[in-house]
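Written out below as structure tokens is the structure these notes cover.
The values are calculated or read from the model by the stated rules, or taken from the named source; none is laboratory data. Remember, it's a predicted structure, so these values are computed and weren't measured experimentally. All Cβ positions, glycine included, derive from the backbone under ideal geometry; neighbour counts span all protein chains shown.
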Amino acid sequence: MTRIETPVADVDPAPSADDITDNSPARYIARVSLSTGQELDERVEPDELLVHAHRDHHPIEVAAQFLASRLIQITGREQAVRGGLRFVNDFAGWTADTAGSLLGSPLLTQYAKKAMGVTARDYGFRFRETTHYSEREVRSRIERLQKQASAALKARGKSPKLRVLLTGATGFLGKELLCQAAADRRIEELVAVVRPETVRDPKTREVVRVLSPQERGEILLDRLFIPSASRKKYRFVAGDIEQPLLGLDPGELAKLSKTLTNVIHCAASVSFDDPYDKSFRANVLGSRNALAFSLALQEAPGSPFIHHIAIETSYIHGRKKASFAQEESLVFPRHFYNNFYELTKAMASIETDRFMIEKGLRVSQLLPSIVIGNSRTGNNRGDTKVVNAPINAFGRSHEAARKASRSPIDQARTRAVAFVAQGFPGDPSAELNLVPVDRVVAGILAALTAPDAIGNRIHLATDNRIRSIDMVRICREELGVAVRLTDPTVFRNLTLPIVKAVLEKLNEPKLANAIEKLGTIFGGYSEWGQPIHRVGNDVRMLGLPLRRPNTEHAFRMLCRHNRYVQEFGKIRDLEEIARREKVWDTLVDDIELETGHEAGAIPPEEFRQFLEEKIDLRAFQARRKSPASLGRRSGAAIERARGRA
Ligand SMILES: NC(=O)c1ccc[n+]([C@@H]2O[C@H](COP(=O)([O-])OP(=O)(O)OC[C@H]3O[C@@H](n4cnc5c(N)ncnc54)[C@H](OP(=O)(O)O)[C@@H]3O)[C@@H](O)[C@H]2O)c1
């Protein structure tokens, strides 16, 4: 009998949906008494771990938040203002307590606190310890894992050839990974785990066809213009991260257990408004399945497995209000999480630590911040998530206002709509950590041959953060849109309800919902007191260049790309986006070659002149053969020009 060599299947497949009958956060997070530090025996509800559950409960508290943000803008002294807020809150609480005890009336204390909006919790939250081992023991275990990975890598010779399994290949980061892998000589095979895609008619929502994983893969390689010589290194196999062992076919598992050297787990649900259960299934259960899969590979006899790379997010540190988020440590954030996406990614990170320390899985954790398009071109292959969403919404509302019919009523109405649509909750001083996708993926690929990265959390983020006020200025310069920043507290409590009512009156219910969604979902990232994600491990451990991409230039190129290539999200056909991005790539090469400057450093007017001279914007085609597309004299010349820039 031929026993299918599936050491993978022999190993306990570990976590599956059935194992996690209870998806309560209590597996990762404990409620503790603030006075004794002891764990309290009470359920932890997912909702109470989010920011919104702890604010805007009282008019005085809302006013205090608004005042604090003004004071920070005037004085620039965030710590002091926050300390002041705490003092006022504590003082009001003390007054209520004293009055109540002098008059012997606890009820009075209660009423007084309520009337003054005193916020007081006698409990907090903390992450559960990921291990019962001492720090020394943990360190020695990690060193052992690093040595094992180093030996497994060395065993593959001087120029090791790698066979990598990737989840999330059809996503934003995944596509860039496929692209960069084409030119990466270390990668001999890339096996992408993909689920089938149901294509529906956009209008009727009827199912038009179902694309198999292999069909999706072929389409993807075409759209990414992967050269035919590299195409044979890719294989697309059916799977689902929410299933044990990634839902892979047993025959495939048997093959992979003998060949795979690395797993990059990149798939997730990156939606800021998903309900808890959905985020938990994709992000926590999905990660557990991927970790268990890698552990089974690692333990398979004769396995060439080196290590697992978990893609997380630097926002697992949640809301820390202007304090540093260190790379190594993970502490439950004092100011909670913005959404279930962040919360469940943090839970997955704890799960990853447990697999490493308790079960001995060789794993490194890479944590990108907010990922935007390519640092030079802004290209994002049709991604419309995260920062792209508000930029596209501003652009669309501005264009609608410009194109309004001549009727004065219509014009007034469209202008009014554009005016409300261009107000955005954000503190001018808030700093956002944006990182271009090419830098992130360079980091992920570098980790493949960096055994020292095992046991570490590595932020793939920037050290040149961008302020909301600068983003607004760039939007004005690049898109002509005068975005107005509104204080986030005022926006939530006052502006949004009014704007919604106005838009509904103007018969724009869809826009009203979109604005509510944009404001509440993304506003959290542009309030004052954003965490400062420390960087350094990307250079130290992964060997990435010390000079991180210029965020202002990258954001400028994002705006230009979304305006001309994506037409603010109106071009939905990914085929067409792919064609346009190729034209755009060549355009940027040409401009850089001609000017000797990064395209993002070129002022908007000058860039626009180049654009009109070189591209027929209606057909989105090059007007004539460009130097960069002629005979690839460009390759070296562009690199030289880039070196000069
Ligand atoms: N984008 C950012 O700004 C950002 C920032 C920090 C960290 N990250 C992290 O980077 C990773 C990739 O993010 P992204 O922006 O590329 O996400 P994305 O564009 O939304 O792509 C998500 C990918 O995950 C796949 N996926 C989801 N559920 C799956 C399942 N059950 N089985 C198989 N595949 C599944 C999707 O496949 P389908 O095509 O079949 O849906 C898609 O390929 C995530 O771990 C995310 O947390 C992203």
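When only residues in region 578-602 that are free of Cβ contacts under 8 Å to residues at least 60 places away in the same chain and under 12 Å from Lys614 (Cβ atoms) count, which is surrounded by the fewest Cβ atoms within 10 Å (Cβ to Cβ)?
Glu594
Can you confirm whether Ala421 is within 16 Å of the ligand (Cβ to nearest atom) and either in contact with a helix residue (DSSP H, G or I) (Cβ under 7 Å, 6 or more places away or on another chain) or assigned by TED's automatic domain parsing to the domain that holds Tyr315 (or both)?
Criteria not met by Ala421.
From the set of residues in region 181-204 that are within 16 Å of the ligand (Cβ to nearest atom) and either over 24 Å from the mean Cα position of the chain (by Cα) or basic (Lys, Arg) (or both), which is farthest from Leu256 (Cα to Cα)?
Arg200
For region 250-288, which positions are part of a loop (DSSP other than H, G, I, E, B), within 16 Å of the ligand (Cβ to nearest atom) and of a type outside the set (S, T, N, Q)?
Cys266, Ala267, Ala268, Val270, Phe272, Asp273, Asp274, Pro275
Quick one: is Asp410 more than 16 Å from the ligand (Cβ to nearest atom) and without any contact (Cβ under 8 Å) to a residue 40 or more places away in the chain?
Yes: the conditions hold for Asp410.
What do you reckon, is Asp240 within 11 Å of the ligand (Cβ to nearest atom) and farther than 30 Å from Lys582 by Cβ?
It is true that Asp240 is within 11 Å of the ligand (Cβ to nearest atom) and farther than 30 Å from Lys582 by Cβ.
If we scan region 405-425, do we find a residue that is more than 18 Å from Lys500 (Cβ to Cβ) and in contact with a Ser or Thr (Cβ under 6 Å, 6 or more places away or on another chain)?
No, region 405-425 contains no residue that is more than 18 Å from Lys500 (Cβ to Cβ) and in contact with a Ser or Thr (Cβ under 6 Å, 6 or more places away or on another chain).
Look through Ser407, Ser429 and report the one residue that is at pLDDT 80 or above and farther than 30 Å from Ala183 by Cβ.
Selected residue: Ser429, the only one of Ser407, Ser429 that is at pLDDT 80 or above and farther than 30 Å from Ala183 by Cβ.
Just checking, does region 293-308 include any residue being within 16 Å of the ligand (Cβ to nearest atom), outside the structural domain of Arg579 (by TED's automatic domain parsing) and under 25 Å from His533 (Cβ atoms)?
Checking region 293-308: at least one residue is within 16 Å of the ligand (Cβ to nearest atom), outside the structural domain of Arg579 (by TED's automatic domain parsing) and under 25 Å from His533 (Cβ atoms).
If I ask for residues that are within 16 Å of the ligand (Cβ to nearest atom), in contact with a helix residue (DSSP H, G or I) (Cβ under 7 Å, 6 or more places away or on another chain) and of a type in the set (Gly, Ala, Ser), which ones from region 145-180 would you list?
Residues satisfying the conditions are Gly168, Ala169.
Looking only at region 479-513, which residues are touching a residue at least 24 places away in the same chain (Cβ under 8 Å), out of contact with any strand residue (DSSP E or B) (no Cβ under 9 Å at 6 or more places or on another chain) and crowded, with 18+ Cβ neighbours inside 10 Å?
Leu479, Val481, Leu503, Glu508, Leu511
Can you pull out the residues in region 470-489 that are β-branched (Val, Ile, Thr) and under 19 Å from Ser369 (Cβ atoms)?
Residue satisfying the conditions is Ile474 alone.
If you take just the strands (runs of 3 or more DSSP E) that sit entirely in region 328-437, which of them hold at least 3 residues that are farther than 23 Å from Asn550 by Cβ?
Counting at least 3 such residues, we get 363-368, 423-425.
What's the number of the condition Leu245 fails, among (1) in a helix (DSSP H, G or I); (2) away from the ligand (no atom under 15 Å from the Cβ); (3) on the phi > 0 side of the Ramachandran plot?
For Leu245, the exception is condition (2).
For (1) within 13 Å of the ligand (Cβ to nearest atom); (2) surrounded by 19 or more Cβ atoms within 10 Å (Cβ to Cβ); (3) among the basic types (Lys, Arg), each residue gets a yes or a no:
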position	(1), (2), (3)
Lys359	no, no, yes
Ser375	no, yes, no
Gly382	yes, yes, no
Ala389	yes, no, no
Arg402	no, no, yes
